[in-house]
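To keep things clear, I will list the structure first and then write my remarks on it.
The values are calculated or read from the model by the stated rules, or taken from the named source; none is laboratory data. Every value quoted in this text rests on a predicted model; they were computed, and no experiment measured them. Cβ: placed from backbone, ideal geometry, glycine included. Neighbour counts: every protein chain shown. Accessible surface areas use protein heavy atoms only, side chains included; no ligands, DNA or RNA. Shrake-Rupley method; radii C 1.70, N 1.55, O 1.52, S 1.80 Å.
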Amino acid sequence: MKKLIAGLLIILLVFQTACSQEISVTKGASFYKGNGVTITDKGNYFDVSLDFTKGLSRKEIGREFARGILSVVPDYEALVDSYIAENLFNSEYREAFWRVDDLKTQIDKEYREEIEGMSEVFSGGDENVRGDNKISKDEFYMFNLFLDVIRSTQCSFVSVFGSKSTTGKTITGRILDWYGGNKNQLPRIQAVITMKNAKGSICSIGYMGFMGIITGFNDKKIFAAVQESTSGAAYSSAGKRSYPLDLRYALENTDKMEKTIDFMKDESKQYAVNHLIVFSDSDESKVLENNFSGRGTGTERVRRAVRTDESRLNKGVEWGIKDAVASVNSFILEGSTDNHTRNKFNTRRWKYIKEQLSGGQSKFTPEDIKKIMTYTKGSPRALLDTRYLYTKATLSMTVFQPDTFSLEVYFFPRNTLEMPDKPVFEKISVFQ
């Protein structure tokens, strides 16, 4: 999609000029309880519980989830359909379905059944019409394959542990920067989703109906979050898998961070877009650089490898901070494709994080991590600021401590396009 980047920039500019616009929110029920599905409106996000241990099929759970979504957000179909239309021009819309057709055959059967069960409740059926305020079966697949087919924007990650943490345990901060839609479509459906199966539970911080993992963790205290990292290589979806859906499977089926990482860096699992996945457990954090289509340099030519606080980095990139890791949207391991040094969106955010972690302060609290994540300077702030982490594109910020399951999340407000000067983090109880 050669026009996609230019199109997104136009969309973002429209969003920036409309930043003070109030959003009219269609009110639905504040609570829904069905077979295996519970949804509670928490004011700025939805608390969702999906219980796969009740004897229902995945398709039945999917249908029930869709009914619940429409109960609490009656205009859900219009929100998702219009969001897709805003991100894709007519020609790109048609082309995207070719990608969807390639990818959906590689989705695990249980997840396909969930998605198809939900799409049976929506009104679009098998007819794909851009901007008709209905969700077709293929459009709902597209929504769930958004990161694999359409991609996202910039994100940041910072984590301290060991000697850098006041608790001696991991404190992780994750920022999600996305286009939320000119009518706040994504903030209208943001959710904390707990999924329980026979092996345990996972928590997804994302959007109702999106069944993969953007940000999430399991009850084994393994945290993971995804970030885009483009290399300029040609796009190919043939035979490729969905990495957010694979990440869900990994969290559902592994009990150690190393096993989760190994699952996602397995070379037999090929993905359509290069990306990073940041991981944390109670004792440390690591970054998986899933660079499989970039050429790389030197003899190492790293493709898919793990970065730690002690890893050797590409020439001109420095870290040198023990017991702390960070990532922006770039590969920086020695020998890997250099999509970092010429990109000011990457280099300036990297520099800012490094300055904050390598200054006079020796140990960091969760509040300190929040300060690093939310600091910004000047007004009005840029939509995609090159210097700081918190911008008008920040849809959510998560601070998580795996050892205690302490979870705090900032969600972009539902009813306005104006970002708050002082974002409020909500404390969320999980696995209770």
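Miscellaneous remarks
- Dipole axis of region 156-243 (+1 Lys, Arg; -1 Asp, Glu on Cβ), positive-most option in Tyr179, Ile205, Phe157: Ile205
- Evaluating 6.51 cos²θ - 1.76 cosθ + 1.60 at θ = phi - 60° for every residue in region 187-201, the Karplus couplings come out as x, 5, 10, 5, 7, 10, 10, 9, 10, 10, 10, 5, 8, x, 10 Hz, glycine and proline recorded as x.
- Selected from Glu114, Glu60, Glu95 as most flexible by GNM, with the chain as the system and alpha-carbon contacts under 10 Å: Glu95
- Accessible area (Å², per residue) of the chain, counting only protein heavy atoms and a probe of 1.4 Å: 39
- Reachable lysines from Lys240, criterion Cα separation under 21 angstrom, eight or more residues apart if same chain: Lys2, Lys104, Lys109, Lys137, Lys265, Lys269
- Debye, to nearest 20: dipole size of the chain, +1 on Lys, Arg Cβ, -1 on Asp, Glu Cβ: 980
- Straight-distance crosslink candidates among lysines, where the alpha carbon sits under 19 Å from Lys183 and sequence neighbours closer than 8 are dropped: Lys27, Lys134, Lys392
- Each residue of region 88-98 was assigned a 3J(HN,Hα) from its phi angle through the Karplus curve 6.51 cos²θ - 1.76 cosθ + 1.60 (θ = phi - 60°); the sequence is 9, 5, 3, 5, 5, 4, 5, 5, 4, 5, 5 Hz, with glycine and proline shown as x.
- Computed from Cα atoms alone, the Kirkwood hydrodynamic radius reported for region 227-318 is 14.2 Å.
- log₁₀ of I(q)/I(0) at q = 0.07, 0.11 Å⁻¹ - the chain, Debye sum with one point per alpha carbon: -0.30, -0.80
- C-alpha center-to-center spacing [region 330-377, region 198-269] in angstrom: 23
- If you take all other residues with their beta carbon under 12 Å from the beta carbon of Lys422, and give Lys and Arg +1 and Asp and Glu -1, the sum is +1.
- Candidate lysines - alpha carbon under 17 Å from Lys221, same-chain residues fewer than 8 apart omitted: Lys169, Lys196, Lys199, Lys256, Lys259, Lys286
- Projecting the Cα positions of Tyr249, Ser311, Gly131 onto the charge dipole of the chain (unit charges on Cβ atoms of Lys, Arg, Asp and Glu, taken about the Cα centre) puts Ser311 furthest along the positive direction.
- Over the chain: helical MRE at 222 nm, DSSP H runs n ≥ 4 each giving -39500 (n - 2.57), nearest 500: -9000 deg cm²/dmol
- The portion of the accessible surface of the chain made up by carbon and sulfur, rounded to a whole percent, is 47 (1.4 Å probe; DNA, RNA and ligands excluded).
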